[in-house]
Amino acid sequence: MRFKRAVQRYGRTPEPETPYQRAGQVWDERIGAARVQARNWRIMALGGLALSGALSSGLLWQSMQSRVVPYVVEVDRLGEARAVAPVAEDYRPTDPQIAWHLGRFVGNVRSISLDPVLMRENWLAAYDFVTERGEVFLGEYARSANPFGQVGLRTVSVQVTSVVRASDRSFQVKWTETMYERGALGETSRWTGILAVAINPPSSAEALRKNPLGLYVDAIDWSRELDVAPPSPAPAPAASPAAQPDLPGFEADADASPDERNSQ
């Protein structure tokens with residue numbers, strides 16, 4: 001006869017439950033729920049703060065990004081607008097537009113006014129249309145020619161006669177300079193210049209106001225034309241004496257006095 005051995009199972013001895021333990025468990029559950037809720041609210045608050053910071057940074061960056069939309073207004077001879085359109089990104093100024101600005105640039109630099117304030121404004125306007133290379137040329141010209149030192153002594157008026165394209169980046173400008181000394185007309189000279197231009201669209205409101213087309217003079221080379229005197233007219237030949245008729249007695253009549261010729 002086989003006898004089975006009793007299996008001993010070692011279980012966890014239940015702890016005695018007291019009213020104090022039940023009250024503590026209820027309190028822990030209540031405090032634990034409050035802590036979990038507080039933790040969730042802290043996570044939401046931190047997430048909202050991070051989102052607000054990201055949005056604020058984006059708005060600040062957007063406000064710092066200046067977007068300038070230039071417009072080109074075409075006017076007629078009377079100054080009335082004929083066409084208004086925004087400038088495309090690949091906009092290229094036309095030759096008449098470039099010619100007008102180059103003529104104005106030459107007039108601002110080469111002319112000499114009696115008013116030093118006006119002359120300074122002309123030069124500042126000219127500096128708005130040159131690159132760094134062009135600024136170097138204007139500085140050297142101002143030091144060598146000293147146009148500001150001639151203010152009050154003489155005036156020079158500039159009349160642009162032609163502006164034609166010389167190459168893809170250069171234009172030939174011809175102008176006439178008339179000098180006046182103390183109100184009296186002085187000499188008149190003709191000049192020719194080659195101006196290399198560069199197109200750089202404006203990127204700020206200030207640059208758009210000063211140079212709306214983004215046209216800049218990069219290189220300047222001008223020289224005075226030779227003054228060739230017009231040929232003097234040839235002297236008129238001396239009038240030869242009229243041929244005398246070969247008549248008998250003409251010599252005697254020529255030697256006679258007027259009374260004798262009348263009597264004859």
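Computed from the coordinates by the stated procedures, all read-outs in this text should not be read as laboratory data. Source: prediction; values computed, not measured. FYI the Cβ positions are ideal-geometry reconstructions off the backbone, even for glycines, and counts take in every protein chain you see.
For residue 186, which sequence-distant residues (separation of 5 or more, or a different chain) have an amide H within less than 5 Å of its own amide H, given hydrogens modelled in the peptide plane?
179, 180, 181
What order do you get for 64, 44 when you list them from fewest to most C-beta neighbours inside 10 Å?
Ranked by crowding around the Cβ, least crowded first: 64, 44.
Once phi is turned into θ = phi - 60°, what whole-Hz ³J(HN,Hα) does the Karplus curve with 6.51, -1.76 and 1.60 give for every residue of region 147-159, x standing for Gly and Pro?
Each residue's phi maps through the Karplus curve to give x, 6, x, 9, 5, x, 9, 8, 10, 10, 9, 10, 10 Hz.
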